[in-house]
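Take a look at the structure set out below.
The values are calculated or read from the model by the stated rules, or taken from the named source; none is laboratory data. What you see is a predicted model; the values in this text were computed from it and never measured. So basically every Cβ, Gly included, is an ideal-geometry build from the backbone, and we count neighbours across all protein chains shown. Ligands, DNA and RNA are excluded from the accessible area calculation, which covers all protein heavy atoms including side chains. Shrake-Rupley method; radii C 1.70, N 1.55, O 1.52, S 1.80 Å.
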Amino acid sequence: MVVWGPGNESPFEPSSPFAAAITRMFDITLVVCAIIGIGVTAVIAYSLAAFRARRGAPEPSQHTGDKRIEILWTAVPLAIVTWLFVLAVETMAKSDPQVDPPADLTVIAHQWWWEVRYPSGVVTANEIHIPVGRSLYVRVESADVVHDFSVPQLTRRMDAVPGHPNHVWLRADAPGTYGGACFEFCGLQHAWMRLRVFAEPGAAFDVWQRAQLAAAAPPSGDAAARGERVFQAQACGTCHAVEGRGFLGGVGPDLTHLVSRTTLGAGVADDTPDQLRAWLQNPQDIKPGAHMPSFNLTQEQLGELLAYLEELR
Ligand code: CUA
């Protein structure tokens with residue numbers, strides 16, 4: 001099991017102007033509400049102590065119909081609420097600028113993983129690489145049910161609704177790894193719909209993108225070649241694409257560059273040979289409800305398939 005991190009995902013440490021606008025609004029609202037909460041509690045505490053009934057004391061004098069107090073306690077809350085309303089509208093405009101350029105990348109939510117497509121033709125899963133310091137316009141789609149795309153440090157949340165693409169801005173002002181997740185209950189493995197955003201300097205991003213555009217090479221050794229035949233015989237390619245090897249996929253994650261990714265099963269396991277072997281043996285052990293069944297492979301088939309998949313770099 002992955003110990004989640006070091007990808008930070010605290011909304012209190014924003015790393016984009018969109019996330020920063022939301023954090024600022026939260027901070028201001030928290031301070032305003034704290035002042036009100038402390039003020040009201042203090043007045044109540046003072047009143048309880050100062051005006052409590054004492055033995056033998058006469059009825060306290062009644063105080064009603066004071067226009068000044070009534071105006072004051074109507075005007076002050078109204079002013080605060082209006083201010084917070086203006087702040088919210090301003091934050092909405094900052095965190096979600098209303099422009100409509102063509103999308104820089106498309107994120108498609110699935111039960112229970114994320115498909116990521118770039119206009120360049122790169123297709124990957126559960127990991128988004130972005131050049132640092134550039135605002136990307138992300139088209140958010142869903143293949144099945146309603147999910148919710150969120151990378152708290154970089155962007156606001158955005159619902160992924162089947163048949164209704166939404167858009168959201170994504171940007172990282174500092175290089176690093178940022179954690180994200182699905183924020184709306186979408187079924188059994190909702191909790192394991194994690195994603196990672198890798199923000200890299202432009203040159204590193206270009207290197208990554210070029211590498212991802214390459215098709216898979218033919219298997220290099222005997223074991224890997226037999227592994228590819230297992231892949232074919234078990235019809236793995238019906239769900240999983242391997243670019244350049246005739247496997248078109250279209251249902252599960254594209255495996256052309258499987259080894260270049262850091263996790264399996266949208267974050268449920270580290271992408272290591274051992275974990276991959278365990279996954280191939282029975283995905284349901286690791287991620288119950290995942291749409292990949294167990295193929296009851298023999299140990300020999302497992303070894304060959306692993307040799308094949310480990311070459312998909
Ligand atoms: Cu997808 Cu929750």
Give, rounded to the nearest 20 debye, the magnitude of the charge dipole that the range 125-276 has about its Cα centre when Lys and Arg contribute +1 at Cβ and Asp and Glu contribute -1 at Cβ. 200
Using alpha-carbon positions, what is the distance between the centroids of the range 234-304 and the range 135-168, in Å? 25
Compute the long axis of helix 202-213 from its Cα atoms, compare it with the longest principal axis of the Cα atoms of the chain, and write down the angle in degrees, 0 to 90, nearest 10. 40
Burial order of peptide ranges 175-188, 143-156 (average beta-carbon count within 10 Å, highest first): 143-156, 175-188
Given P165, V76, I108, which one lies farthest toward the positive end of the charge dipole of the range 73-230, if we put +1 on the Cβ of every Lys and Arg and -1 on the Cβ of every Asp and Glu? I108
With Cα atoms, 0 to 90° folded angle of helix 222-233 axis to the chain main axis: 70
For the chain, whose charge dipole is built from +1 on Lys and Arg Cβ atoms and -1 on Asp and Glu Cβ atoms, the candidate among L188, S150, M292 with its Cα farthest towards the positive end is S150
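Let me have the 222 nm mean residue ellipticity of the chain computed from DSSP H runs of 4+ only, each contributing -39500 (n - 2.57), with the sum over all residues rounded to the nearest 500. Walk me through the intermediate numbers first.
Values: 7 runs with 111 residues, N = 313.
After summing the helix terms and dividing by residue count, I get -11500 deg cm²/dmol.
Counting DSSP beta bridges with both partners in the range 97-168, what percentage is antiparallel, nearest 5? Before the final figure, lay out the partial values.
Values: 15 of 21 bridges.
Looking only at bridges with both residues in the range 97-168, the antiparallel portion is about 70 percent.
Evaluate the relative contact order of the range 222-309 (contact order divided by residue number), counting alpha-carbon pairs under 8 angstrom at least 6 apart; express in whole percent.
Working: 116 pairs, mean separation 31.0, N = 88.
Here the relative contact order equals 35 percent.
For the chain, what is the accessible area per residue in Å² when the probe is 1.4 Å? Don't jump to the answer; show the numbers that get you there.
Details: 16780 Å² over 313 residues.
With the other protein chains kept in place, the chain gives 54 Å² per residue.
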For the range 11-160, which whole percent of the accessible surface, found with a 1.4 angstrom probe, sits on carbon and sulfur atoms? 67
Which value, in debye to the nearest 20, gives the size of the charge dipole of the chain about its Cα centre, when Lys and Arg are +1 and Asp and Glu are -1 at the Cβ? 1040
Which is farthest toward the positive dipole end of the chain among V132, A34, S15, measuring Cα position about the Cα centre, with Cβ charges +1 (Lys, Arg) and -1 (Asp, Glu)? A34
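For the chain, what is the relative contact order in percent, using Cα pairs closer than 8 Å and at least 6 residues apart in sequence?
Numbers: 560 pairs, mean separation 54.3, N = 313.
17 percent.
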If R₀ is 51 angstrom, what is the calculated FRET efficiency for the pair N166 and H63, using the beta carbon separation as r and rounding to 0.05? 0.40
For the chain, give me the percentage of DSSP beta bridges that are antiparallel, rounded to the nearest 5 percent. 70
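If packing is taken as the average count of other Cβ atoms within 10 Å, what order do 94-104, 22-32, 191-201 fall into, highest mean first?
Values: 94-104: 13.0, 22-32: 14.5, 191-201: 20.9.
Going from most to least packed, we get 191-201, 22-32, 94-104.
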At a 10 angstrom cut-off on C-beta neighbours, averaged per residue, how do the peptides 49-58, 248-257 rank from highest to lowest? 248-257, 49-58
